[in-house]
Amino acid sequence: TKFFVQWRWSHRGPDRYYFDDLDRLMDVAVRHGIGVTLNILLDMAPLWLFERHPDAKPIDNSGHVVEPYVVGHRSIGGHPGPCYSHPGALADRRRFVDVAVEHFRGHPALHMWDVWNEPELCFPQRNPNLANLACYCPHCRAGFVAWLKAKYGDLDRMNAVWGRCYEEWAQVELPRGTGAVTDFIDWREFHLDVLASEARWRLEAVQRIDPRHGRYLHVVPNTWFNPVTCVDDFAMAEPCEVFAATMNGGPSPCL
C-alpha cells in the first residue's frame with residue numbers, strides 16, 4: 001500500500017515536524033503484514049514557507065502570482081507549492097525530505113520510497129494554454145540566463161540562433177509564445193532540466209540517507225501530457241531504481 005508524506009501536513013513550523021499519524025499507520029501495516037511505499041508530496045507548501053519566502057510563489061505567463069490554493073487531490077491546500085528555482089524554498093524542501101527519510105528509514109513496514117507524485121511544471125492544467133505557463137519569476141529568469149550561457153557560450157552565438165541583437169545578457173527576454181520557435185524551445189528545455197534536477201536530488205537524498213530501500217518516482221502518462229507537464233521521462237528515469245507512470249488501469253495510447 002502507499003501512504004502520503006505531505007509537506008504541509010508534516011512540516012508544521014520551520015523546525016517543527018508531525019509524523020504521529022503516519023507512525024500509527026505504519027505500525028498498523030506491520031501488524032497486518034503490509035508493505036508500504038511512502039510517497040513524499042512537496043506540491044503543497046507549508047503555511048510558514050511563504051512568510052519566510054514571499055517571492056517563492058510561481059508567476060505565470062500573464063504576470064499573475066500563483067497564490068496557494070486547494071484542489072481535490074491536495075485538499076490540505078498549499079498547492080502548487082513554490083517555484084522550483086527559488087533557492088530558499090529549495091533548501092527548505094531538501095530539509096524536509098532529509099528529516100522524513102531519516103524518521104522512517106528504520107521502520108519495518110517500509111518497502112520503497114516514491115519521491116514525486118506526477119511531476120509537472122504547471123500544476124494540473126493539462127490543456128495547453130500559454131497564459132497559464134509558468135514560471136516567469138526572477139529566479140527562473142536568472143536560471144534561464146545561466147542555462148543559455150552554458151549552452152551557447154557567448155551572446156553573439158545565441159543572437160545568431162535566436163535572430164536577436166542583444167548587447168548584454170541582461171537584455172535577454174523570457175519567451176512568451178511560439179512565434180520565434182527557437183527561443184521558446186530553449187525556454188521549455190530549460191524547464192525540462194529544472195524538473196530533471198529536482199527529481200535527481202530527491203532520489204539522491206533517499207539513496208544517501210536510506211540506501212536499503214528502493215526509490216522511484218511516477219510521472220503523468222507523457223504520451224498525453226508532455227507538452228504541458230514539461231517532463232523528460234528519460235532524464236527522470238535514469239537515476240531511478242524503478243520508474244512508473246499513472247495509468248489509471250489502462251494502457252497508454254502510444255501513437
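The values are calculated or read from the model by the stated rules, or taken from the named source; none is laboratory data. All of these numbers come straight from a predicted model, not from anything done at the bench. Positions of Cβ are backbone-derived with ideal geometry, glycine not excepted, and every protein chain shown enters the neighbour counts. Only protein heavy atoms, including side chains, enter the accessible area calculation; ligands, DNA and RNA are left aside. Shrake-Rupley method; radii C 1.70, N 1.55, O 1.52, S 1.80 Å.
Here the condition is being part of a helix (DSSP H, G or I) and modelled with pLDDT under 95; of PHE190, PHE234, it holds for PHE234 alone. Scanning region 158-171 for residues that are of a type in the set (S, T, N, Q), surrounded by 12 or more Cβ atoms within 10 Å (Cβ to Cβ) and closer than 22 Å to ALA196 by Cα turns up nothing. Within region 24-43, the presence of a residue that is more than 23 Å from LEU110 (Cα to Cα), open to solvent by 80 Å² or more (accessible area, probe 1.4 Å) and in a helix (DSSP H, G or I) is excluded.
Quick test for you: out of GLU67, GLU118, pick the one residue that is out of contact with any strand residue (DSSP E or B) (no Cβ under 9 Å at 6 or more places or on another chain) and either farther than 17 Å from PRO211 by Cα or at pLDDT 95 or above (or both). GLU67 is the lone residue from the list that is out of contact with any strand residue (DSSP E or B) (no Cβ under 9 Å at 6 or more places or on another chain) and either farther than 17 Å from PRO211 by Cα or at pLDDT 95 or above (or both). The condition of being surrounded by fewer than 15 Cβ atoms within 10 Å (Cβ to Cβ) and either part of a loop (DSSP other than H, G, I, E, B) or charged (D, E, K, R) (or both) holds for only one of ARG141, ARG126, ARG93, that being ARG126. Just so you know, in region 172-189 the residues that are open to solvent by 80 Å² or more (accessible area, probe 1.4 Å) and within 23 Å of the chain's Cα centre (by Cα) include one that is farthest from ASP232 (Cα to Cα), and it is ARG176. Being out of contact with any helix residue (DSSP H, G or I) (no Cβ under 7 Å at 6 or more places or on another chain) and not in a loop (DSSP other than H, G, I, E, B) is a property that does not hold for VAL115.
Among the residues making up region 58-89, those that are in contact (Cβ under 8 Å) with a residue 24 or more places away in the chain and outside any loop (DSSP other than H, G, I, E, B) are ILE59, ASP60, VAL71, ARG74, ILE76, GLY77, GLY78, HIS79, PRO87, GLY88, ALA89.
Of note, PRO211 satisfies the criterion of being within 24 Å of the chain's Cα centre (by Cα) and surrounded by fewer than 17 Cβ atoms within 10 Å (Cβ to Cβ).
When each of HIS111, HIS103 is tested for being open to solvent by 70 Å² or more (accessible area, probe 1.4 Å), at pLDDT 95 or above and in contact with a Phe, Trp or Tyr (Cβ under 6 Å, 6 or more places away or on another chain), the lone residue that passes is HIS103.
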